[in-house]
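*Asks:* This is the structure I want to talk about, given as structure tokens.
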Amino acid sequence: MKTVKLILALLLVVIPLTVPVLAQDAATLTVSFPGDPRSETVNALIEGFIAMKADQGQPVNIVINEPTEGYGDQLLLDFGAGVGPDVFSISAETIPEYVASDLIMPLDDLVAAWDEWDNFPQGMKDMPSMNGSVYAIMYNTDTRVLFYRSDVLEAAGITLPFAPTSWEEIFAAAEQIKANVPDVIPMEVESGTIWGEGTTMDGFFMLFRGANGNFLDPEDGKWIVESPALLDAFSFYERMFGEGYSAAEPFMEPEPWVFWLQEGLANGDVGMAVVVNVVWGLYAPEGPWAIENRDEVLSWTPMPAREPGAGINGLDYVSMGGGWGWAISNATENAELAWEFVQYMTSADAITTYTAGVGGIPSRLDAAVDDPHVAAIVEQVMPYQSFRPLSADYTRVSEQIQIATEKIMLGEATAQEAMEQFAAAVEGIVGADNVKRLPLD
């Protein structure tokens, strides 16, 4: 009898140790991003996150939504129907709409405790921030520089490499091209309404920031509709077209980028162009806008401020960037896992993988870059990166910028008149109480 009791006692001790542990239920996370050529790389990274969590004994089920068309519209429809994702990819300029609708989670407390946040340059921290809060972690960006045809500038008698430190030096080069290579249009800065946001982002802001221009007063949030910087930017357009350094007619074509970039800069019919850096890849010998000897005839340099120290925040050079980041829904029921996902997708390794697979500029300073062009951009241009103001009214204000540049381009308004008309239009959009005018002297 004692033997039986002893066996039973031993069984009571042993059995709990030999019963298999039930597998932990998989947590579910819904993720949305555009279903375009980027999605192959994004899906591979997501598989890496799933594998990492499995290795940690924390299985994860990722439900992916990647619409191939109308991503932004579909995302808002999903949120409106109450089926929005936990985590979503967002283009930085659309953040105000999500903030206004209370759809996006502020990440301030999370980034404050994140020891990798300092690996993002200030521009990448500021771009997804609004009203003092961070709403996304950027994973990719682009930038703008001054491209130039080395062969054209050399023929014009300009010393190479061309490295202007002021607008005056750019105009001096344009004058030499005009005088010595008359078959070439000296320069292009995107202008007019047909180029749309390209005019604002790639053209106007590269000048406006170069004159220390800021649209939203950081103290009161009002739109600054008249300022010395705004007048300087519009005056650049007035001089460029007025002195024959550029041409208005091609900007009125249905696809002006074909004339100026796909053909003009590619064929050496345009001397200089302020444009997004990704055209470098388009001009590759195997690219869609191929220049067979690209590396011999095409070069670039950072865009200078109006003069040294005159740029935004006292900088000598300027650039503008857009980009995409990962954001978390305000309605998520799994915020901790969502933040883990965002951290993984914006890690140095993930951003290195994304940049290698998709292109663009990495948002982190510690991401590895194999492409010499991208590496040079990161080193020479990213420190000067600026971005569009985050405001629900931005799109309509941007349209007024495009109209103003077109009026100057067509000789329908001087720089001063264009600024006054712009000021009146923006006041009509946002209200008289939400604008201010700075002294011009």
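*Asks:* Once a ≥ b ≥ c are taken as the square roots of the eigenvalues of the Cα gyration tensor of segment 225-330, is the result rounded (a/c under 1.5), prolate (a/b larger than b/c) or oblate (a/b not larger than b/c)? Can you show the working numbers first?
*Replies:* On the way: a/c = 1.65, a/b = 1.17, b/c = 1.41.
Oblate is the answer for segment 225-330, as a/c is 1.5 or above yet b/c matches or exceeds a/b.
*Asks:* What percentages make up the Cα-Cα pair-distance distribution of the chain when the bins are 20 Å wide from 0?
*Replies:* All Cα pairs considered, the percentages come to 23, 50, 19, 4, 3, 0.
*Asks:* Moving to a separate point now. Going by average Cβ density within 10 Å per residue, which order do the peptides 207-216, 353-362 take, highest to lowest? Numbers along the way, then the final one.
*Replies:* Working: 207-216: 22.6, 353-362: 20.4.
Result, highest mean Cβ count within 10 Å first: 207-216, 353-362.
*Asks:* Using the alpha carbon gyration tensor of segment 273-429, what are the three equivalent-ellipsoid semi-axes (square root of 5 times each eigenvalue), largest first, in whole Å?
*Replies:* Values: eigenvalues 213, 141, 49 Å².
Sorted largest first and rounded, they come to 33, 27, 16 Å.
*Asks:* Suppose every K and R has +1 on its Cβ and every D and E has -1 on its Cβ; what is the size of the dipole of the chain about the Cα centre, in Debye to the nearest 20? Don't jump to the answer; show the numbers that get you there.
*Replies:* Values: 19 positive and 65 negative charges, 281 e Å.
So the magnitude is around 1360 debye.
*Asks:* Considering segment 350-441, what Rg and Dmax in Å follow from its alpha-carbon atoms?
*Replies:* 19.6, 51
*Asks:* Write down the percent of antiparallel bridges among all DSSP beta bridges whose residues are both part of the chain, to the nearest 5.
*Replies:* Values: 26 of 43 bridges.
Around 60 percent antiparallel, to the nearest 5.
*Asks:* Local charge sum around L365 (other residues, Cβ-Cβ under 12 Å, Lys/Arg +1, Asp/Glu -1)? Don't jump to the answer; show the numbers that get you there.
*Replies:* On the way: positive: K125, R364; negative: E116, D118, D366, E379.
Net charge in that neighbourhood comes out at -2.
*Asks:* Over the Cα atoms of segment 278-334, how large are the radius of gyration and the largest Cα-Cα distance (Dmax), in Å?
*Replies:* Using the Cα atoms of segment 278-334, the pair Rg, Dmax is 19.1, 55 Å.
*Asks:* Can I ask one more? Please name which of A305, A27, A155 has its Cα lying farthest along the dipole of the chain towards the positive end, using unit charges on Cβ (Lys, Arg +1; Asp, Glu -1) and the Cα centre as origin.
*Replies:* Projecting each Cα onto the dipole axis, the largest value belongs to A27.
*Asks:* OK, next. Restricting attention to the alpha-carbon atoms of segment 32-176, what are Rg (one decimal) and Dmax (integer), both in Å?
*Replies:* 21.8, 68
*Asks:* Determine, for S386, S191, S129, the number of other Cβ atoms within 10 Å of each Cβ, and report the residues in order from fewest to most.
*Replies:* Values: S386 24, S191 28, S129 20.
The order, fewest Cβ neighbours first, is S129, S386, S191.
*Asks:* Okay, next question. Starting from segment 330-377, pick out the GluC sites (Glu not before Pro) whose DSSP state is loop and whose Cβ has at most 13 other Cβ atoms within 10 Å.
*Replies:* Details: sites: E333, E336, E340; in loops: E333.
Filter output for segment 330-377: E333.
*Asks:* Okay, moving on. Let me confirm the definition first: pairs of Lys residues in the chain, 8 or more apart or on different chains, C-alpha distance under 24 Å. How many are there? Each step should come with its number before you reach the end.
*Replies:* Values: K125/K222; K178/K407; K222/K436; K407/K436.
Value for the chain: 4.
*Asks:* Quickly rank 323-329, 76-82, 301-307, 47-53 as a protection proxy: mean count of other C-beta atoms within 10 Å, highest first.
*Replies:* 323-329, 301-307, 47-53, 76-82
Values quoted throughout were computed directly from the atomic coordinates according to the rules given, and no laboratory measurement underlies them. Bear in mind that the values here come from a model prediction, so they are computed numbers and not experimental data. Quick reminder, even Gly has a Cβ in these numbers, built from the backbone with ideal geometry, and neighbours come from all protein chains shown.
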